[in-house]
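Here's the structure we're looking at; comments come further down.
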Amino acid sequence: MRAGNSEIESTTRPRRIVTQQKLEGRLAAALRSELGDDAFGLDGKLLDWRDALVPIAVEALDRRDPAPVFDPSRRRVPESGATMALNSFLPWLAHLNQLCLVGGEGFERATFDARCPTGVRGTPPHLDVLAMRDQNVVAVTARGADYLARRQGSLAPAYADVAVNQALEPWIDLSRRIRTRQQSFRYLDVGAMMKFALGLERTFPGHRLDILYLYWEPRGVASFEPFARHRQELTTLVDVARGSAVRFHATSFAELWRSWLELGDLPWLRALVAQLERRYDVAMDDLLVL
């Protein structure tokens, strides 16, 4: 039986990687077709990261003085979650009072590429966007297609010695269940989400804290096994974190963009959503089902 399980794992693992590679390849090919081969270097990345921005995001960047601070090197890959997040939120810097996220409306400031130390030595977790108003903080972490083959992270032993607010107990209890193999996740990197939760609670004590997990999906694959399971795992974590100091929310980029159209007749926002959908709308009818 053990040998049989090993054989199954060895044959199914390449299929999962192929699917992720195919998915990223389709999106990358669509973006290369739109941006042009001359925009890319020999490493397959953009020569100028600004080419990854949709027109309205470029305009928003040019209008900001001082310019928002973020890591341009993370945007040389136009299909990355970090680039999608920048394209989605950069134009909002001039309209933060109208921005709606996880049920909250109207923000005062937003930053990109934020880091929230957890109290453990090492590089702090990297958040794509932090949106803040009063005592409310929404932390956005974004995924492209990489979640399909993501290696599941875990908390280092040093995290066991970190003083944790009792209100984070649902997260800690989930960590114990994963460590003892009572529960597992295939596509959602729960270890990374736990680090975000710890970092946020430590950085913003006494605030209302929410993590918003954004992910890209191709059109027409929500019912396919990898994507359905990914969504199921997200729902599980939403339920686990519901009563904790750091709540967890998840939605696809496409769902977020469509929800913005319900905010009213805002020409700039309609144009932004149209540009984002045109940039990232890829059909995957022939995607390999795992």
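The values are calculated or read from the model by the stated rules, or taken from the named source; none is laboratory data. Since we're looking at a predicted model, the values are computed, not measured. For neighbour counting, all protein chains shown are included, and Cβ atoms are generated from backbone atoms with ideal geometry for every residue, glycine included.
Numbers for the structure displayed
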quantity	calculated
Those residues of region 187-226 which are under 19 Å from Ala145 (Cβ atoms) and at pLDDT below 90, in sequence order	Pro218, Arg219, Gly220, Val221, Ala222, Ser223, Phe224, Glu225, Pro226
Qualifying residue in region 270-284 (condition: farther than 30 Å from Ala94 by Cβ and modelled with pLDDT under 90)	yes
Residue list for region 48-72, filter: in contact with a Phe, Trp or Tyr (Cβ under 7 Å, 6 or more places away or on another chain) and under 21 Å from Ala28 (Cβ atoms)	Pro72
Count of region 113-134 residues which are assigned to a strand (DSSP E or B) and crowded, with 21+ Cβ neighbours inside 10 Å	6
Residue check for Arg16: within 23 Å of the chain's Cα centre (by Cα), among the charged types (D, E, K, R) and at pLDDT 65 or above	no
Region 138-171, residues that are at pLDDT below 85, surrounded by 15 or more Cβ atoms within 10 Å (Cβ to Cβ) and part of a helix (DSSP H, G or I)	Ala149, Tyr159
Residue list for region 232-249, restricted to those being closer than 20 Å to Gly104 by Cβ and aliphatic (A, V, I, L, M)	Leu234, Leu237, Val238, Ala241, Ala245, Val246
Region 72-105, residues that are touching a helix residue (DSSP H, G or I) at 6+ places or on another chain (Cβ under 8 Å) and in a loop (DSSP other than H, G, I, E, B)	Arg76, Val77, Pro78, Glu79, Ser80, His95, Leu99
Helices (runs of 4 or more DSSP H) contained in region 186-290 and holding at least 1 residues over 27 Å from Val120 (Cβ atoms) and touching a Pro at 6+ places or on another chain (Cβ under 6 Å)	267-280
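Residue by residue, here is whether (1) buried (at least 18 other Cβ atoms within 10 Å of the Cβ); (2) under 14 Å from the mean Cα position of the chain (by Cα) holds:
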{"position": "Pro205", "(1), (2)": "no, no"}
{"position": "Ala222", "(1), (2)": "no, no"}
{"position": "Glu225", "(1), (2)": "no, no"}
{"position": "His230", "(1), (2)": "yes, yes"}
{"position": "Leu234", "(1), (2)": "yes, yes"}
{"position": "Ala245", "(1), (2)": "yes, no"}
{"position": "Glu262", "(1), (2)": "no, no"}
{"position": "Leu269", "(1), (2)": "yes, no"}
{"position": "Arg279", "(1), (2)": "yes, no"}
